[in-house]
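The structure under discussion appears below in the form of structure tokens.
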Amino acid sequence: MLTKPDIEPSGEGAAAQVGEPLVEATGLEVHFGLRGGLFSRFSGGPAGAVRAVDGIDLTLRKGEVLGLVGESGSGKTTLGRTLIGLTKATAGSVSYRGQDITALGERGLRPLRRRLQMVFQDPHASLNPAMDIRTAVGHPLRIHNLVADDREYEARVVDALERVGLTPPERYLGKFPGDLSGGQKQRAVLARAIIAEPELLVADEPISMLDMSVRAKILQLMLDLKRDLDLTYVYVTHDLASAKFFCDTIAIMYLGRIVEYGPTEQVFADPQHPYTEALLAAIPEPDPERALPRELPRGEIPDAARPPMGCAFHPRCPVAVAACGWEARDLRTLLENRWLELAPEAASREKSLFADVESLAADGQSSVAIAPGRGHTPEDVLEYLRHLREEASEAEPREPFWHGVVTMHAENGRAVVEFAPPRDPRLSLIPATGVQVACHLREPVGSTTGT
Amino acid sequence: MTEPVLSVRDLRVWYGTDRGPVRAVDGVTFDVRPGETLGLVGESGCGKSTLGRGVLGLTPAAAAVDGEVVLRSTGGAGRNLVGLPAKEIQRLRGPELGLIFQEPMTRLNPLMRISQHFEEALRSHEKGLSKQEIRTRALESLRGMGIPESRYRSYPHEFSGGMRQRIMIALALVLRPAFIVADEPTTALDVLVEAQIIKILADLRKNFDTSLVLITHNLGIVAEACDRVAVMYAGHIVEQGDAREVFANPQHPYTRELLRSTISLSTTGLHYIPGSPPDLVEPPQGCRFHPRCPVAMRGCATVEPPEVVLPTGVVSACWQQAIEAEPSLVDELGPGGREPLAAVEEISVADEA
Ligand SMILES: Nc1ncnc2c1ncn2[C@@H]1O[C@H](COP(=O)(O)OP(=O)(O)O)[C@@H](O)[C@H]1O
Ligand SMILES: Nc1ncnc2c1ncn2[C@@H]1O[C@H](COP(=O)(O)OP(=O)(O)O)[C@@H](O)[C@H]1O
Ligand code: SF4
Ligand code: SF4
Ligand SMILES: [Mg+2]
Ligand SMILES: [Mg+2]
């Protein structure tokens, strides 16, 4: 296993002591079953397991605020849930205070549930509309049998409401979720999460559905609760700005993997992974002095059921190299993007060189045999592709796709394009920074990581 | 200077409710010039969406609309949309006025192919187009948004969120409108895709003469994609002007507080505006921001501030700037009117949004 980064507290949450390991994940995987029926027909291609979490190692220390950051679909929620036993791991382990919780059944987990709590993104959906605040917030006390009588119950609920700023509590006890604003609901959800005295809170996008003006307040409340109750947080978000302020440690996720992991300050000051750089560059900056025109990575996060080969980020990566996992469907994307730029007539002329561009859409192929269109030979196709490569070698920014093409030749009436064998970048520690990164460009010299 | 495509004068949109009228837009004046992008910002509940719909003539029947919304097609004389029969407005929609929503999925019909959406839009607004012409126009519009021809006959659910938003933009642009309102078009999207869409919207003004009103709560987006900005509070525009100028030197206390409370990469401490925007059935007297304003004066609680045009061209509606520009105005605040407003009353979570 890789060296864990040294935790140098840097975020706002760092005011408290960061202590012994609380939760450790090792080789953690959560693959969701085969997609059946309708869904797979729509999404096209063979149905595959969704690799929501795909081999993750991390250590969360007592008092730490760990940010899981990435675009939607990158597996943040699933990882957060699995760390506290709400979702079953399909491989690997999660230990909490040295105990492997992936091995536990529901009965074994029950006593731990009260120490490991979750706050969900949507405060409206988290509260039962038919349950008053008294009942909703005190619910964990009943489930875990934590109070002797109604008086104690009431006192605990009142205390929790006060802690989250719903004061005077009497004003809120009898209210229903429908009577509360978004910010007040999220406060009630936080009250319910802390009432059973948890040690760890996984907060899944706790402010992203709230109005701008309330976000800072809820974040401040979470800082206060952490200080008062000695909490440890996993903060799940797609918002880098709040993560930068709030977290001690950041794990940048992409398609089920952590691609960069280290102290917040370090990651933001000197991002190592091209995906982290892209995320940072994409944030609109309200200060006109700081706003810069920028290159954005193309495309969107791919379907986790059909991840790209090699480094999953390669189709969008502006600096990808030969080993990053180039495959047949990248050629299709390249062609389609080119044709979008051309006049329709020119585009159809070029398209007619190919019998079926869609046939390139299959995933996981490091070599592809292209059938020429009617009236064309494999040589025509090869000449065209060589021409594109030629053109690309002079263009800026450089198109990284061509780094991945090893040979192009004619064979059995087809034009065959072969790609460099894919290698999987593995997280490795960058010396002297405490940051781990999974990118071929950052591998220590001479190393042979990957598969 | 070119004539504005859109001139809004003293627009009011009030919703009728049992508790009395909700004054969602309450006397708003602004212009949008050809090819210009105007950002509209403010907390939720301040009337941004109502204003966006109001200028498109899309307010519900139960809303009362008053004032002027003058739309000028190129070279045309201009006509006031307020009071125009619904049928007339419907005719203008598309060729003149377009709308892009936050969540395209709710606007694209899941049972219709993308091609059918374009056919319907073009047929209803431009009679007599042949099937081939429709296809050419649609593909050209989609190509501009990076959607390849091979996806023309797909259904909405076969696209990602970002692609759907591109399709919505293509659908609005295919009718070549003079003027588009985009209401939180990127709120449901991830950062990278959001940045791509913002770039597309920013490119619009370079490549077309389409004017855009971009409603968003993300101040960074306005700073990057808009020429001008209007800050809305409680049904009023409290500050408007050149976007860079407003963000570099915010004048109105609400603009300043809004900027300060935004969490950005340079945030080193959390700041927030206490309380929340007021109930628009009974908005506060005087300056509507006075209960939350850190520099409120006693007079602010009773007398509404006038709009002042500052040397930078920025227009702000605040007594502080009014008095600075014209010291004699202090008399209007009454005796002791410049004293600080006795400790802005504690605003508790009870008033939080
Ligand atoms: N219960 C589930 N069943 C099947 N697929 C799932 C389930 N939960 C999540 N996924 C899939 O796993 C991937 C990661 O999802 P998620 O953990 O929600 O990511 P994030 O929180 O980063 O958006 C997505 O492709 C999602 O569709
Ligand atoms: N159809 C409606 N009927 C009654 N009140 C409405 C209606 N639509 C909006 N409002 C009210 O008008 C005010 C402004 O709303 P809106 O224009 O949606 O603001 P924003 O877009 O800035 O959040 C709010 O108080 C809202 O509750
Ligand atoms: S390994 Fe690095 S260079 Fe290669 S695609 Fe991934 S991020 Fe880009
Ligand atoms: S008019 Fe008075 S209350 Fe209103 S923003 Fe200006 S100083 Fe504040
Ligand atoms: Mg999620
Ligand atoms: Mg709105």
Practice prompt. May I ask you to list the residues in segment A:92-131 that are farther than 30 Å from A:Ile56 by Cβ, part of a loop (DSSP other than H, G, I, E, B) and open to solvent by 80 Å² or more (accessible area, probe 1.4 Å)?
Written response: A:Pro129, A:Ala130
Fill in: Which numbered condition A:Glu197 fails, given (1) under 29 Å from A:Ala438 (Cβ atoms); (2) away from chain B (no Cβ under 14 Å); (3) assigned to a loop (DSSP other than H, G, I, E, B)
(1)
Worksheet item: List pairs: first in segment B:276-296 and under 16 Å from A:Asp211 (Cβ atoms), second of a type in the set (Val, Ile, Thr), Cβ under 6 Å, 6+ apart or cross-chain?
Response: B:Leu280/B:Val22; B:Arg292/B:Ile273
Worksheet item: Condition test on A:Arg134, is it out of contact with any helix residue (DSSP H, G or I) (no Cβ under 7 Å at 6 or more places or on another chain) and either buried (at least 19 other Cβ atoms within 10 Å of the Cβ) or in a helix (DSSP H, G or I) (or both)?
Response: no
Practice prompt. Check whether at least one residue in segment B:209-221 is out of contact with any strand residue (DSSP E or B) (no Cβ under 8 Å at 6 or more places or on another chain) and among the hydrophobic types (A, V, I, L, M, F, W, C), and report yes or no.
Written response: no
Practice prompt. Collect the residues in segment B:127-150 that are closer than 11 Å to B:Val174 by Cα and either β-branched (Val, Ile, Thr) or away from chain A (no Cβ under 13 Å) (or both), keeping them in residue-number order.
Written response: B:Ile134, B:Thr136
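For every residue, the table says whether it meets (1) closer than 21 Å to B:Val308 by Cβ; (2) within 14 Å of chain A (Cβ to nearest Cβ).
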{"residue": "B:Leu6", "(1), (2)": "no, no"}
{"residue": "B:Val13", "(1), (2)": "no, no"}
{"residue": "B:Arg23", "(1), (2)": "no, no"}
{"residue": "B:Asp26", "(1), (2)": "yes, no"}
{"residue": "B:Val41", "(1), (2)": "yes, yes"}
{"residue": "B:Ser44", "(1), (2)": "no, yes"}
{"residue": "B:Thr50", "(1), (2)": "no, no"}
{"residue": "B:Arg53", "(1), (2)": "no, no"}
{"residue": "B:Gly57", "(1), (2)": "no, no"}
Worksheet item: Taking segment B:189-235 on its own, how many of its residues are β-branched (Val, Ile, Thr), over 21 Å from B:Leu171 (Cα atoms) and open to solvent by 10 Å² or more (accessible area, probe 1.4 Å)?
Response: 1
Worksheet, complete the sentence: Within segment A:144-168, the residues that are open to solvent by 80 Å² or more (accessible area, probe 1.4 Å) and closer than 21 Å to A:Leu229 by Cα are A:Asn145, A:Glu162, A:Arg163
Worksheet entry | Filter result for A:Arg329 (more than 30 Å from A:Ile301 (Cβ to Cβ), charged (D, E, K, R), without any contact (Cβ under 8 Å) to a residue 40 or more places away in the chain and open to solvent by 30 Å² or more (accessible area, probe 1.4 Å)) | no
Worksheet item: Mind checking whether some residue in segment A:93-104 is at pLDDT 95 or above, within 16 Å of ligand 1 (Cβ to nearest atom) and farther than 30 Å from B:Glu352 by Cα?
Response: yes
Worksheet entry | Among (1) more than 13 Å from chain B (Cβ to nearest Cβ); (2) closer than 30 Å to B:Thr262 by Cβ; (3) open to solvent by less than 30 Å² (accessible area, probe 1.4 Å) - the single one A:Ala312 does not satisfy | (2)
Worksheet item: Before we move on, is A:Leu240 farther than 29 Å from B:Ile215 by Cβ and either hydrophobic (A, V, I, L, M, F, W, C) or open to solvent by less than 10 Å² (accessible area, probe 1.4 Å) (or both)?
Response: no
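Per-residue answers, yes or no, for (1) modelled with pLDDT under 95; (2) more than 26 Å from B:Arg151 (Cβ to Cβ):
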{"residue": "A:Gly325", "(1), (2)": "no, no"}
{"residue": "A:Asn337", "(1), (2)": "yes, no"}
{"residue": "A:Leu353", "(1), (2)": "no, no"}
{"residue": "A:Ala362", "(1), (2)": "yes, no"}
{"residue": "A:Glu379", "(1), (2)": "no, yes"}
{"residue": "A:Leu382", "(1), (2)": "no, yes"}
{"residue": "A:Phe419", "(1), (2)": "no, no"}
Fill in: Verdict on B:Val246 being under 18 Å from the mean Cα position of the chain (by Cα), modelled with pLDDT of 90 or more, of a type in the set (Val, Ile, Thr) and within 16 Å of ligand 2 (Cβ to nearest atom)
no
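The values are calculated or read from the model by the stated rules, or taken from the named source; none is laboratory data. Not measured: the values here are computed from a predicted model. Positions of Cβ are generated from backbone atoms using ideal geometry, with glycine treated the same way; all protein chains shown enter the neighbour counts. When the accessible area is computed, the model is the full protein with side chains, heavy atoms only, and any ligands, DNA or RNA have been set aside. Shrake-Rupley method; radii C 1.70, N 1.55, O 1.52, S 1.80 Å.
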